[in-house]
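A short write-up of the structure that comes next.
The values are calculated or read from the model by the stated rules, or taken from the named source; none is laboratory data. The structure displayed is predicted, hence computed values, not measured ones. Cβ sites come from the backbone with ideal geometry, for glycine too, and all protein chains shown count toward neighbours. Remember, those area values only see protein heavy atoms, side chains included, never the ligands or the DNA or RNA. Shrake-Rupley method; radii C 1.70, N 1.55, O 1.52, S 1.80 Å.
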Amino acid sequence: MTFATPPVLGPARVPYALLARAHGAARLLAERGVGAGSRIAVDVADPWDALAWFLGADLLGAATLMVEPAWTSRERAAVLADARPHLVVTGTPAPAAHGITPAGDDDTFFYLPTTSGSSSRPKVLIRTRGSWLRSFAALGRLPGPVLIPGPLSSSLFLFGALHALWCGHDLRLSPRWDPEAAAGAARDAAAVHLVPAMLAGLLAALDRRPDLRAACALRTVVCGGAHLGAETRERFARLLPDTELIEYYGSAEHSLIAIRREDDGLRPVPGARLDIRDGLLWVNSPLAYGGRLRDGELEPDGAGWSTVGDRVELDPSGCLVVRGRAGAVVSSGGRLVSAEEVEAVLRGVPGVADVLVTGTPHPALGAIVTAVVEVGADARPALRDLRAAARTALEPGKRPRRWLATRALPRTPSGKPARAAITRQLRDGTLPAEPLR
């Protein structure tokens, strides 16, 4: 039996067992009324099951939302309200006895990534096949097999998995990150996709275990999601001198924007037009998203210039230097955290007069989520209550890891907390605040 390859993978040769399960998933979805233009949500723990459902939906011309297990009930409800999937699937799709004919073209919507923006509500974006096929080509061919040491509910790791299949390589899927396990798995992988914090952990494991370092078969490491510091790059070169390091800068909205190879800087990917306006990067790219879903309705991106508020510069050689996200977003460990979302949760804790959330520097994560709490005149919030509120309403990556207390937050003339001033004072050590205990 010959099964057609899902369109988002192009003409690649995909393992027969995965193809059979993808076509089985497509048949099950079709029996439940899913077809071209439909949207589904995949809520399964096993990454191979999730991948089969995803590729099955792509065969039908449907778009898939990958449910994040760490979402709280509030976050899940908000995302599903915007995505409005026709079906939420669970379980294991069985292999098909007969294949189906793929539907749609490069302009077909196939994926619904989620990202937290500057508001307190997660955003649901929508991507076309063509935008990711062009992104695969921009990254280029990698050696295989390819290790994916993170959940496919993350667009970074889903991209890595689909790119590997597009290259025609075998996958090594590991939904939970463990540095030692990843170092062991690197004996049977030629490439891996990581965020900077993971790369630092992998290097530390290889440094501790010379036996694993000697057995490491990695020829290429792809690192994205956050700024990679010079110290990590130097350690990489020392421990893995024969391994290529590819860094990329991008966003959920724009996919790949610039790539750094070898000793060069970040160079824009082919076709991406960049413009710096008042220090912020604006992008016009064929790799960009198709729009946003809000209450089930598509708000197109306009196929023009857009920005996510990143502050950038160009160095003398014309390479991009990313200075960080402007506004109320913290980039921590490859995740963009909405400060306003965290603030809204913490303001409800007794004893909190007001709160501002920002990022403070961290050597591995880039920044850690930091809460500066303005304590009331008559009551002081208990740290255990703040942490309990964060555990209840926020997924782990959004919870503050540093807690400070102050009697009065600096404010703007309108009475709002002065975000830029507080961030600057934290950096300079001039903010009158103490650790919250």
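Kindly identify region 241-303 as rounded, prolate or oblate by the Cα gyration tensor criterion: order the square roots of the eigenvalues as a ≥ b ≥ c, call it rounded if a/c is under 1.5, otherwise compare a/b with b/c, prolate if a/b is larger, else oblate. Here region 241-303 falls in the prolate category. For HIS362, the residues 5 or more places off, or on other chains, whose built amide H falls under 5 Å of its own are ALA367, ILE368. Where does helix 383-393 land angle-wise versus the long Cα axis of the chain, in degrees 0 to 90, nearest 10? Long axis of 383-393 versus the principal axis of the chain: about 30 degrees.
So if we plug the beta-carbon distance of ALA36 and ARG294 into 1/(1 + (r/R0)^6) with R0 = 22 Å, what FRET efficiency do we get, rounded to 0.05? Once the sixth-power term is evaluated, E becomes 0.50. Basic side chains Lys and Arg get +1 at the Cβ, acidic Asp and Glu get -1 at the Cβ, and with that the dipole of region 40-172 about its Cα centre reaches some 320 debye.
Near the amide H of ALA258, within less than 5 Å, lie the amide hydrogens of TYR249, VAL269, all on another chain or at least 5 residues away, with H placed in the peptide plane. Residues in region 421-437 carry Karplus couplings, in order, of 5, 5, 4, 5, 5, 4, 5, 7, x, 9, 6, x, 9, 9, x, 8, 10 Hz; the curve used is 6.51 cos²θ - 1.76 cosθ + 1.60 with θ = phi - 60°, and Gly or Pro positions show x. Most fluctuating residue of VAL357, VAL42, VAL349 in a GNM of the chain with Cα springs under 10 Å: which is it? Of VAL357, VAL42, VAL349, the Gaussian network model singles out VAL349 as fluctuating most.
Among the trypsin sites (Lys or Arg not before Pro) in region 125-213, those located in a DSSP loop and surrounded by at most 14 other Cβ atoms within 10 Å of their own Cβ are ARG141, ARG176.
Expressed as a whole percent, the accessible area of region 1-67 that falls on carbon and sulfur atoms is 54 (1.4 Å probe).
Taking the 1.4 Å solvent-accessible surface of region 181-267 as the whole, the part contributed by carbon and sulfur is 47%.
Projecting the Cα positions of ALA12, ALA164, PRO47 onto the charge dipole of the chain (unit charges on Cβ atoms of Lys, Arg, Asp and Glu, taken about the Cα centre) puts PRO47 furthest along the positive direction. Each residue of region 10-19 is assigned a 3J(HN,Hα), and the resulting list reads x, x, 4, 8, 9, x, 4, 4, 5, 4 Hz, derived from the Karplus form 6.51 cos²θ - 1.76 cosθ + 1.60 (θ = phi - 60°), x at Gly and Pro. Using a Gaussian network model of the chain in which every pair of alpha carbons under 10 angstrom is joined by a spring, one finds that among PRO196, PRO363, PRO316 the greatest mean-square fluctuation is at PRO316. Between VAL88 and ARG74, the modelled label-to-label distance comes to 1.8 nm, taking each label 7 Å out from Cα in the direction of the beta carbon.
Rg over Rh for the chain works out to 0.97, both radii taken from alpha-carbon positions and Rh defined as the Kirkwood radius. With contributions of -39500 (n - 2.57) from each DSSP H run of at least four residues, the per-residue ellipticity at 222 nm computed over the chain stands at -9000 deg cm²/dmol. Ranking VAL373, VAL192, ALA22 by Cα position along the charge dipole of the chain, where only Lys, Arg, Asp and Glu carry charges on their C-beta atoms, puts VAL373 farthest toward the positive end. Each Lys and Arg Cβ is given +1 and each Asp and Glu Cβ -1; about its Cα centre, region 1-91 then shows a dipole of about 180 debye.
Working note: Karplus 6.51/-1.76/1.60 with θ = phi - 60° gives region 156-161 the couplings 5, 7, 4, 4, x, 5 Hz, where Gly and Pro are set to x.
When the chain is treated as a GNM with alpha-carbon contacts under 10 Å, the residue of ALA382, ALA183, ALA103 showing the greatest mean-square fluctuation is ALA382. In this Cβ point-charge picture (+1 for Lys and Arg, -1 for Asp and Glu), region 235-307 has a dipole of about 160 debye about its Cα centre.
Put a dot 7 Å past the Cα of HIS98, heading toward its Cβ, do the same for ARG238, and the two dots end up 6.3 nm apart.
What the Kirkwood sum gives for region 205-266 is a hydrodynamic radius of 12.8 Å, with every pair of different alpha carbons counted.
Dipole of the chain computed with +1 at Lys/Arg Cβ and -1 at Asp/Glu Cβ about the Cα centre; of LEU383, LEU280, LEU426, farthest Cα towards the positive end is LEU383. Taking Cα atoms, how many degrees apart are the long axis of helix 47-60 and the longest axis of the chain, rounded to 10 and kept between 0 and 90? Here the helix axis deviates by roughly 70 degrees. Near SER332, the amide H atoms lying under 5 Å from its own belong to VAL337; only residues 5 or more places off or on other chains count, and H is placed 1.01 Å from N. Suppose R0 equals 60 Å; then what is the FRET efficiency for ASP105 and ASP385 from their Cβ-Cβ distance, rounded to the nearest 0.05? For R0 = 60 Å, the calculated efficiency reads 0.65.
Against the main long axis of the alpha-carbon atoms of the chain, helix 196-208 sits at an angle near 80°.
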